[in-house]
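**Student:** Okay, here's the structure, questions in a sec.
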Amino acid sequence: SLSLSLSLSSSPAFFFFVQENKTAKTKQLAQEERQCKSYLTLANETVQMIHYLSNTIQEPFLRYKTFLSRGTKHAFLSVFYSKKTRDTHQLRVFRPELVGRLAAMLNYNLQQLCGPKCTGLKVKDPQKYGFQPKQLLSQITDIYIHLESTAFLAAVAEDERSYKPQLFTLAETCLRKAMVKTQGEIETFVEFAEKVKKLYDEKASMDLEFDDAPEDFKGNIIDNIIDEFNKSMIVLDKSNFLNK
(Lines give C-alpha, C1' and ligand atoms only; values in the text may rest on other atoms or scores of the structure.)
Protein backbone atom coordinates (compact mmCIF):
# COMPACT_ATOMS: atom_id res chain seq x y z
CA SER A 1 0.00 0.00 0.00
CA LEU A 2 2.89 2.36 0.71
CA SER A 3 4.39 1.85 -2.75
CA LEU A 4 0.98 2.29 -4.31
CA SER A 5 0.41 5.48 -2.31
CA LEU A 6 3.76 6.80 -3.50
CA SER A 7 2.96 6.02 -7.12
CA LEU A 8 -0.39 7.77 -6.88
CA SER A 9 0.98 10.87 -5.20
CA SER A 10 4.21 11.40 -7.12
CA SER A 11 3.88 9.82 -10.56
CA PRO A 12 2.92 12.24 -13.36
CA ALA A 13 1.48 9.27 -15.24
CA PHE A 14 -1.35 9.12 -12.72
CA PHE A 15 -2.83 12.34 -14.09
CA PHE A 16 -3.03 10.83 -17.56
CA PHE A 17 -4.88 7.67 -16.52
CA VAL A 18 -8.39 7.26 -17.76
CA GLN A 19 -10.93 7.85 -15.01
CA GLU A 20 -11.66 4.13 -14.66
CA ASN A 21 -8.02 3.32 -13.86
CA LYS A 22 -7.82 6.19 -11.39
CA THR A 23 -10.87 4.91 -9.55
CA ALA A 24 -9.52 1.33 -9.43
CA LYS A 25 -6.13 2.44 -8.11
CA THR A 26 -7.71 4.68 -5.50
CA LYS A 27 -9.98 1.86 -4.27
CA GLN A 28 -7.04 -0.53 -4.11
CA LEU A 29 -5.05 1.99 -2.08
CA ALA A 30 -7.92 2.54 0.36
CA GLN A 31 -8.37 -1.22 0.83
CA GLU A 32 -4.66 -1.81 1.46
CA GLU A 33 -4.51 1.12 3.89
CA ARG A 34 -7.39 -0.39 5.90
CA GLN A 35 -5.65 -3.78 5.98
CA CYS A 36 -2.36 -2.21 7.03
CA LYS A 37 -4.03 -0.29 9.85
CA SER A 38 -5.87 -3.41 10.99
CA TYR A 39 -2.70 -5.53 11.03
CA LEU A 40 -0.76 -2.88 12.94
CA THR A 41 -3.56 -2.49 15.48
CA LEU A 42 -3.52 -6.24 16.10
CA ALA A 43 0.29 -6.25 16.31
CA ASN A 44 0.36 -3.36 18.79
CA GLU A 45 -2.26 -5.00 21.01
CA THR A 46 -0.44 -8.35 20.92
CA VAL A 47 2.89 -6.83 21.92
CA GLN A 48 1.20 -4.81 24.67
CA MET A 49 -0.44 -7.96 26.03
CA ILE A 50 2.85 -9.91 26.07
CA HIS A 51 4.58 -6.90 27.64
CA TYR A 52 1.98 -6.81 30.41
CA LEU A 53 1.92 -10.57 31.02
CA SER A 54 5.70 -10.94 31.03
CA ASN A 55 6.01 -8.20 33.64
CA THR A 56 2.97 -8.86 35.81
CA ILE A 57 1.52 -12.35 35.31
CA GLN A 58 4.22 -14.76 34.14
CA GLU A 59 2.24 -17.93 34.84
CA PRO A 60 1.20 -18.49 31.17
CA PHE A 61 4.88 -18.86 30.25
CA LEU A 62 5.78 -21.20 33.12
CA ARG A 63 5.16 -24.62 34.52
CA TYR A 64 6.22 -26.24 37.77
CA LYS A 65 8.82 -28.93 38.25
CA THR A 66 8.85 -30.80 41.53
CA PHE A 67 11.83 -32.70 42.84
CA LEU A 68 12.21 -34.71 46.00
CA SER A 69 13.67 -32.85 48.97
CA ARG A 70 14.98 -36.09 50.43
CA GLY A 71 16.99 -38.77 48.72
CA THR A 72 18.06 -38.17 45.12
CA LYS A 73 17.79 -34.44 44.55
CA HIS A 74 18.01 -34.78 40.79
CA ALA A 75 14.96 -37.04 40.42
CA PHE A 76 12.68 -34.48 38.76
CA LEU A 77 8.95 -34.98 38.41
CA SER A 78 7.11 -32.60 36.06
CA VAL A 79 3.81 -31.23 37.33
CA PHE A 80 1.53 -28.41 36.24
CA TYR A 81 0.13 -27.31 39.59
CA SER A 82 1.40 -25.83 42.81
CA LYS A 83 1.53 -28.16 45.77
CA LYS A 84 3.84 -27.90 48.73
CA THR A 85 4.82 -30.79 50.97
CA ARG A 86 7.69 -31.26 53.34
CA ASP A 87 9.15 -33.97 51.08
CA THR A 88 9.13 -32.01 47.82
CA HIS A 89 10.42 -28.73 46.48
CA GLN A 90 8.99 -26.91 43.47
CA LEU A 91 10.75 -24.92 40.79
CA ARG A 92 9.06 -22.68 38.20
CA VAL A 93 10.55 -23.22 34.76
CA PHE A 94 9.81 -21.97 31.25
CA ARG A 95 7.46 -24.10 29.21
CA PRO A 96 9.76 -25.76 26.63
CA GLU A 97 7.03 -25.61 23.96
CA LEU A 98 6.87 -21.80 24.31
CA VAL A 99 10.35 -20.55 25.06
CA GLY A 100 11.82 -21.17 21.59
CA ARG A 101 8.86 -19.72 19.72
CA LEU A 102 8.71 -16.65 21.94
CA ALA A 103 12.44 -15.97 21.58
CA ALA A 104 12.26 -16.40 17.80
CA MET A 105 9.29 -14.03 17.56
CA LEU A 106 11.04 -11.33 19.57
CA ASN A 107 14.27 -11.71 17.60
CA TYR A 108 12.46 -11.52 14.27
CA ASN A 109 10.57 -8.36 15.18
CA LEU A 110 13.68 -6.77 16.65
CA GLN A 111 15.47 -7.53 13.38
CA GLN A 112 12.69 -5.83 11.42
CA LEU A 113 12.93 -2.73 13.60
CA CYS A 114 16.72 -2.48 13.91
CA GLY A 115 18.25 -4.76 11.29
CA PRO A 116 19.84 -3.86 7.95
CA LYS A 117 16.44 -3.56 6.23
CA CYS A 118 14.88 -1.26 8.83
CA THR A 119 15.12 1.71 6.44
CA GLY A 120 12.35 0.08 4.43
CA LEU A 121 9.95 0.81 7.31
CA LYS A 122 9.89 4.54 6.66
CA VAL A 123 6.28 5.69 6.44
CA LYS A 124 5.09 9.09 5.21
CA ASP A 125 2.30 9.35 7.78
CA PRO A 126 2.88 6.71 10.51
CA GLN A 127 0.13 8.03 12.80
CA LYS A 128 -2.43 7.40 10.07
CA TYR A 129 -1.67 3.67 10.20
CA GLY A 130 -0.94 3.41 13.93
CA PHE A 131 2.71 2.62 13.25
CA GLN A 132 4.75 3.37 16.40
CA PRO A 133 8.25 1.91 15.94
CA LYS A 134 9.74 3.63 19.00
CA GLN A 135 7.05 2.21 21.25
CA LEU A 136 7.41 -1.27 19.72
CA LEU A 137 11.17 -1.17 20.21
CA SER A 138 10.79 -0.10 23.83
CA GLN A 139 8.23 -2.82 24.59
CA ILE A 140 10.12 -5.62 22.82
CA THR A 141 13.37 -4.83 24.64
CA ASP A 142 11.41 -4.74 27.90
CA ILE A 143 10.00 -8.22 27.24
CA TYR A 144 13.51 -9.61 26.85
CA ILE A 145 14.37 -8.29 30.30
CA HIS A 146 11.09 -9.43 31.89
CA LEU A 147 11.62 -13.02 30.73
CA GLU A 148 15.32 -13.30 31.47
CA SER A 149 16.16 -16.80 32.69
CA THR A 150 18.63 -19.51 31.80
CA ALA A 151 16.19 -21.19 29.40
CA PHE A 152 15.13 -17.96 27.72
CA LEU A 153 18.69 -16.68 27.26
CA ALA A 154 19.59 -19.99 25.62
CA ALA A 155 16.53 -19.86 23.36
CA VAL A 156 17.40 -16.35 22.16
CA ALA A 157 20.96 -17.43 21.39
CA GLU A 158 19.85 -20.59 19.58
CA ASP A 159 17.51 -18.80 17.15
CA GLU A 160 19.38 -19.30 13.88
CA ARG A 161 16.86 -17.41 11.75
CA SER A 162 17.15 -13.93 13.23
CA TYR A 163 19.69 -13.75 16.04
CA LYS A 164 23.20 -12.46 15.52
CA PRO A 165 25.24 -10.63 18.18
CA GLN A 166 25.26 -7.56 15.92
CA LEU A 167 21.45 -7.39 16.16
CA PHE A 168 21.51 -6.41 19.81
CA THR A 169 24.28 -3.89 19.14
CA LEU A 170 22.06 -2.26 16.51
CA ALA A 171 19.13 -2.36 18.94
CA GLU A 172 21.20 -0.56 21.57
CA THR A 173 22.06 2.16 19.03
CA CYS A 174 18.39 2.55 18.08
CA LEU A 175 17.38 2.80 21.74
CA ARG A 176 19.84 5.61 22.31
CA LYS A 177 18.69 7.47 19.20
CA ALA A 178 15.01 7.02 20.01
CA MET A 179 15.51 8.26 23.59
CA VAL A 180 12.77 5.98 24.92
CA LYS A 181 14.89 4.44 27.70
CA THR A 182 16.91 5.76 30.60
CA GLN A 183 20.64 5.11 30.70
CA GLY A 184 20.12 2.48 33.39
CA GLU A 185 17.52 0.63 31.32
CA ILE A 186 19.81 0.61 28.30
CA GLU A 187 22.65 -0.75 30.41
CA THR A 188 20.35 -3.53 31.65
CA PHE A 189 19.57 -4.44 28.05
CA VAL A 190 23.28 -4.39 27.16
CA GLU A 191 23.98 -6.80 30.05
CA PHE A 192 21.25 -9.09 28.73
CA ALA A 193 22.79 -8.91 25.24
CA GLU A 194 26.23 -9.84 26.61
CA LYS A 195 24.79 -12.91 28.36
CA VAL A 196 23.12 -14.02 25.12
CA LYS A 197 26.31 -13.48 23.13
CA LYS A 198 28.28 -15.62 25.58
CA LEU A 199 25.80 -18.47 25.10
CA TYR A 200 25.86 -17.94 21.33
CA ASP A 201 29.66 -18.25 21.26
CA GLU A 202 29.53 -21.36 23.46
CA LYS A 203 26.93 -22.93 21.16
CA ALA A 204 29.05 -22.18 18.08
CA SER A 205 32.01 -23.87 19.73
CA MET A 206 29.86 -26.85 20.76
CA ASP A 207 28.45 -27.22 17.24
CA LEU A 208 31.98 -27.63 15.94
CA GLU A 209 32.80 -30.12 18.67
CA PHE A 210 29.70 -32.27 18.02
CA ASP A 211 29.69 -31.91 14.24
CA ASP A 212 30.37 -35.64 13.83
CA ALA A 213 28.04 -36.84 16.61
CA PRO A 214 26.43 -40.30 16.09
CA GLU A 215 23.09 -40.25 14.29
CA ASP A 216 21.38 -41.86 17.31
CA PHE A 217 21.90 -38.63 19.24
CA LYS A 218 20.40 -36.35 16.58
CA GLY A 219 16.74 -35.48 16.00
CA ASN A 220 15.07 -36.85 12.88
CA ILE A 221 13.33 -33.57 12.02
CA ILE A 222 15.80 -30.71 12.50
CA ASP A 223 19.02 -32.71 13.00
CA ASN A 224 19.77 -31.13 16.39
CA ILE A 225 21.62 -32.74 19.29
CA ILE A 226 19.01 -34.24 21.61
CA ASP A 227 18.85 -32.84 25.15
CA GLU A 228 15.94 -34.90 26.47
CA PHE A 229 14.43 -38.00 24.85
CA ASN A 230 10.69 -38.48 24.52
CA LYS A 231 8.83 -41.77 24.52
CA SER A 232 7.57 -41.67 20.93
CA MET A 233 8.94 -43.80 18.12
CA ILE A 234 10.31 -40.67 16.43
CA VAL A 235 13.70 -39.52 17.62
CA LEU A 236 13.65 -35.80 18.32
CA ASP A 237 14.29 -33.39 21.14
CA LYS A 238 11.49 -33.24 23.70
CA SER A 239 10.95 -29.51 23.21
CA ASN A 240 10.33 -30.11 19.48
CA PHE A 241 7.97 -32.96 20.37
CA LEU A 242 5.91 -30.65 22.61
CA ASN A 243 5.74 -28.07 19.83
CA LYS A 244 3.94 -30.58 17.66
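The values are calculated or read from the model by the stated rules, or taken from the named source; none is laboratory data. No experiment lies behind these values; they were computed from the predicted model shown. Note that we place each Cβ from the backbone using ideal geometry, even for glycine, and neighbour counts take in every protein chain shown. Surface areas here come from the heavy atoms of the whole protein model, side chains and all, with no ligands, DNA or RNA. Shrake-Rupley method; radii C 1.70, N 1.55, O 1.52, S 1.80 Å.
**Student:** So, in nm, how far is label residue 160 from label residue 38 when the simple model puts each one 7 Å beyond its Cα toward the Cβ?
**Tutor:** About 3.7 nm separates the two model spin labels.
**Student:** Largest first, what is the accessible-area ranking of 149, 205 with a 1.4 Å probe? Before the final figure, lay out the partial values.
**Tutor:** Details: 149 40, 205 70 Å².
Heavy-atom accessible area, descending, gives 205, 149.
**Student:** Next question, about the same structure. Please say if region 103-165 is rounded, prolate or oblate, where rounded means a/c under 1.5 for a ≥ b ≥ c the square roots of the C-alpha gyration tensor eigenvalues, and otherwise the choice is prolate for a/b larger than b/c and oblate otherwise? Present the calculation step by step, with values, prior to reporting the outcome.
**Tutor:** Values: a/c = 3.64, a/b = 1.81, b/c = 2.01.
In terms of gyration-tensor shape, oblate.
**Student:** Another question about this same structure. Mean shadow of region 139-189, computed from the convex hull of its alpha carbons, in nm²? Show your work: numbers first, answer last.
**Tutor:** Working: hull surface 14.5 nm².
If you wrap the Cα atoms of region 139-189 in a convex hull and average its projections, you get 3.6 nm².
**Student:** Report the gain in length on full extension from residue 25 to residue 101: 0.36 nm times residue separation, minus Cα-Cα distance, nm rounded to one decimal. Intermediate values should be presented prior to the final figure.
**Tutor:** On the way: separation 76, 0.36 × 76 = 27.36 nm, distance 3.86 nm.
Roughly 23.5 nm would be gained on extension.
**Student:** Working with all protein chains in place, sort 34, 176 by solvent-accessible area computed with a 1.4 Å probe, largest first.
**Tutor:** On the way: 34 155, 176 100 Å².
Ranked list, largest accessible area first: 34, 176.
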